[in-house]
1. Regarding ALA97, is this residue of a type in the set (A, V, I, L, M, F, W, C), open to solvent by less than 60 Å² (accessible area, probe 1.4 Å), closer than 24 Å to ARG7 by Cβ and in a helix (DSSP H, G or I)?
2. In segment 1-18, what residues are part of a helix (DSSP H, G or I) and open to solvent by 90 Å² or more (accessible area, probe 1.4 Å)?
3. Inspect all residues belonging to segment 82-93 and state whether any of them is touching a Gly at 6+ places or on another chain (Cβ under 9 Å) and within 24 Å of ALA25 (Cα to Cα).
4. Among the residues of segment 23-43, write down those that are open to solvent by 90 Å² or more (accessible area, probe 1.4 Å), in a loop (DSSP other than H, G, I, E, B) and of a type outside the set (D, E, K, R).
Amino acid sequence: MDKKALRAEIRAKKRAMTETEIEAASRRLGELFADCEEYRQAKTIYGYLPYNQEVRTTPLLEQAIRDGKRVAVPKCYGDEMKFIYLDDLTKVEPGYANIPEPIADGPIADDPTALVLMPGLAFDPEG
């Protein structure tokens with residue numbers, strides 16, 4: 001199967017998921033994330049706020065804040081995107097393409113050692 005067909009198949013499976021299925025899978029991924037050594041060692045997490053059928057990252061980002069980590073999520077400024085530190089994940093509003101992003105314009109995240117969570121459609125064992 002070529003890449004284009006595989007992406008279409010995975011996109012269809014993702015769209016068919018119920019909210020209950022998305023929540024359950026997100027909880028499990030959050031547990032795995034919190035158990036990994038990279039998370040335990042990280043001082044800063046660059047994450048994202050969920051949109052459509054994406055992993056529900058809000059609970060794991062809230063846990064990171066409770067664990068004393070700095071959390072930053074993206075905000076779009078035209079063609080530019082910056083990560084903004086947040087200590088309250090309710091201080092967001094719909095931004096580019098209706099995706100939740102911080103209301104504030106700062107502080108801008110500046111940790112080159114941050115652990116980064118990236119949304120993606122599919123990954124193979126090599127990433």
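1. Numbers: of a type in the set (A, V, I, L, M, F, W, C): yes; open to solvent by less than 60 Å² (accessible area, probe 1.4 Å): yes; closer than 24 Å to ARG7 by Cβ: yes; in a helix (DSSP H, G or I): yes.
It is true that ALA97 is of a type in the set (A, V, I, L, M, F, W, C), open to solvent by less than 60 Å² (accessible area, probe 1.4 Å), closer than 24 Å to ARG7 by Cβ and in a helix (DSSP H, G or I).
2. Passing the criteria: LYS3, LYS4, ARG7, LYS13, ARG15.
3. no
4. Hits for segment 23-43: nothing passes.
Matching residues to (1) modelled with pLDDT under 95; (2) of a type in the set (Ser, Thr, Tyr); (3) surrounded by fewer than 15 Cβ atoms within 10 Å (Cβ to Cβ); (4) assigned to a strand (DSSP E or B):
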| residue | (1), (2), (3), (4) |
| --- | --- |
| LEU60 | yes, no, no, no |
| ALA72 | no, no, no, yes |
| CYS76 | yes, no, yes, yes |
| TYR85 | no, yes, no, yes |
| ASP111 | no, no, no, no |
| MET118 | yes, no, yes, no |
| LEU121 | yes, no, yes, no |
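The values are calculated or read from the model by the stated rules, or taken from the named source; none is laboratory data. What you see is a predicted model, and the numbers here were worked out from it, not measured in a lab. Reconstructed Cβ throughout: ideal geometry from the backbone, glycine too, with neighbour counts over all protein chains shown. Areas reflect the complete protein model, heavy atoms only, side chains present, ligands, DNA and RNA absent. Shrake-Rupley method; radii C 1.70, N 1.55, O 1.52, S 1.80 Å.
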